[in-house]
């Protein structure tokens, strides 16, 4: 009987000591959490043995890491928003200021009225294009632009896009070269979105290229290639980032959203877009999702 009592008291004593150790450990963890700044990278450690204590420590550390990542994403988002607002303000203010300047010149040089009005119209059209691109990109990011993908002829939207840019080609002295070996090529795409992809790629070549454009098909992909203009070569890994421009001067127009819109549209259609720079040439490849049987 005495042995049983001694064993019982021994077990109770061990349990009490273990509970006190757990209490001490929990109080120490609470103290660390209370005294540690919210932006600290500190992780909790546990001295107690046993699964419950270690499980609790892992859970707390996981929650702390999740909070740190959320704060980092928030800060990154704030920086991107500030940068985006700066870019948008610059790109909107440039054509608007140009239009206002020529309107003011009308008072002093009425004999050049038609010339100045044409310039004002051009600046306002540029502003309209910028706002349209920004609106479209915002809708794509918010998934508020539903696409209806289906089996689509790949080339008719390309012919339409090339025809739209005929005046720009003529002014820039560009004669597009077409090497399309499969005129009845079928792809999985939304026809309207596909046309936008083509137009943005053509606009990029006309605006930022070195005076040429080649469109060719290869292994089911459609490729746009153009020589690079003088100045820094674009970074293919950044080319589809929003507001990216290889030249910080941003002097060639555009808001840097055209290729970002291409990427978003291609991904939402189940395809991919990639770019590479070889010597003095930029090549952008469109890879489409396999055609599905409905």
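Return P(r) of the stretch 154-294 (all Cα-Cα pairs; 5 Å bins starting at 0; whole %; ordered from short to long distances).
Final binned percentages: 2, 10, 20, 25, 21, 14, 6, 2, 1, 0.
Tell me, 181, 118 in order of fewest to most beta-carbon neighbours within 10 Å? Can you show the working numbers first?
Numbers: 181 8, 118 11.
The order, fewest Cβ neighbours first, is 181, 118.
Coordinate-derived values only; no laboratory data. All figures in this text were calculated on a predicted structure; none of them were measured in a lab. Cβ coordinates were reconstructed from backbone atoms using ideal geometry, including for glycine residues, and neighbour counts include every protein chain displayed.
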